[in-house]
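Notes follow the structure.
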Amino acid sequence: MASLRDISNRITSTKKTMKITKAMEMVSASKLNKAEQNAKSFVPYSDKIQEVVANIANGGEKIDHPMLKARDVKKVGYFVVTSDRGLAGPYNSNVLREVYQTIQKRHQSKDEYTIIAVGRIGRDFFKKRDITIAKEIIGLADQPDFADIKELASETVQMYVDEEIDELNIFYNHYVSAISQQVESKKILPLTNIGSSGKSTTSSYEYEPGQEEILEVLLPQYAESLLYGALLDGKASEHAARMTAMRSASDNAEDIIDDLSLSYNRARQASITQEITEIVGGVAALE
């Protein structure tokens, strides 16, 4: 049985740990509010650029652009959004498991796919399994700007244009609420279903200099905006998952402290009882 000092030390260390987890929970809650606002504020821009692109792509004129046409899939790119740090519950494991299972189901050879990794956890996961990583980025801010990933997003889209990959899919955690995040997978390229969002619009546009010239600029920007929007969504999910994980850790620490306190009191009571018994026994021996 552990001594009173050992139990007391465990109680003290657990209380210190609980202070840390509570502080981390508060930090994550603060970051979540900002990340949630960023994700929501990006939606109107994303919807508007999709509306304009869909208006041109589905117009009367025949538009010929490589990003709008499906081709034989010889190689698939997977854009995977994870975090740089752990202590976020199942945030990383859920999305990595989904990606890995998809790869195992779809592909027979490592030459058939490549990874674009966002976050240290995802990058290390694929490196350990000797999976090809075409591009990577780590150390993103908690509230990333588009400039932070513009180069990566542009290079990823260019991989499709240059036919290095024939399909681009993204995997990330979609933010549902502070206590709920769902793994989301989407096909980003080719943009074959760009006009099937179900949103009706009455807007009419006049294009200058021409529709094809505008699409040449807008389509890459639209694909890049999809990647950035998913990253913002994933960051909100990361902060929510970390806040929930730290709250759970604090609750568990409190339960441990209660159990240890009960054990401490029982051990102390047994020690006192033993001392009283020894004193009474000693007195009786002297009589």
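The values are calculated or read from the model by the stated rules, or taken from the named source; none is laboratory data. Only a predicted model underlies this, so the values are computations on that prediction, with no experimental measurement involved. For the accessible areas, the whole protein counts, side chains as well, though only heavy atoms, and no ligand, DNA or RNA atoms are used. Shrake-Rupley method; radii C 1.70, N 1.55, O 1.52, S 1.80 Å.
From the gyration tensor of the Cα coordinates in the stretch 212-287, what semi-axes in whole Å does the equivalent ellipsoid have, largest first, with each one equal to sqrt(5λ)? Let's see the in-between values first.
Working: eigenvalues 1058, 8, 3 Å².
Over the Cα atoms of the stretch 212-287, the ellipsoid semi-axes are 73, 6, 4 Å.
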Taking protein heavy atoms only, a 1.4 Å probe, and rounding to whole percent, the accessible area of the chain owed to carbon and sulfur comes out at 49 percent
In whole angstrom, largest first, the equivalent ellipsoid semi-axes that the Cα gyration tensor gives for the stretch 125-274 are 51, 19, 13
Rounded to one decimal in Å, the inverse mean reciprocal Cα-Cα distance for the stretch 47-174, i.e. its Kirkwood radius, is 16.2 Å
As straight-line cross-link partners of Lys127, the qualifying aspartates and glutamates (C-alpha separation under 16 Å, not fewer than 8 residues apart within one chain) are Asp84, Asp111, Glu136
Note on the chain: contact order normalised by length, alpha-carbon pairs under 8 Å, 6 or more apart, percent, works out to 32 percent
Per its Cα gyration tensor (rounded if a/c is under 1.5, else prolate when a/b beats b/c, else oblate), the stretch 1-108 is best filed as oblate
For the chain, the per residue accessible area (1.4 Å probe, Å²) is 57 Å²
For Lys40, the lysines lying under 25 Å Cα to Cα, once residues fewer than eight places off in the same chain are dropped, come out as Lys31, Lys48, Lys150, Lys186, Lys187, Lys199, Lys235
Using eta = 0.890 mPa s and T = 25 °C, Stokes-Einstein with Kirkwood Rh from Cα pairs puts D for the chain, in µm² s⁻¹, at 109 µm²/s
Length-normalised contact order of the stretch 1-151, Cα under 8 Å, at least 6 apart, in percent, tallies to 21 percent
Gyration tensor on Cα atoms of the stretch 104-199, a ≥ b ≥ c root eigenvalues, a/c under 1.5 rounded, else prolate if a/b beats b/c, else oblate, says rounded
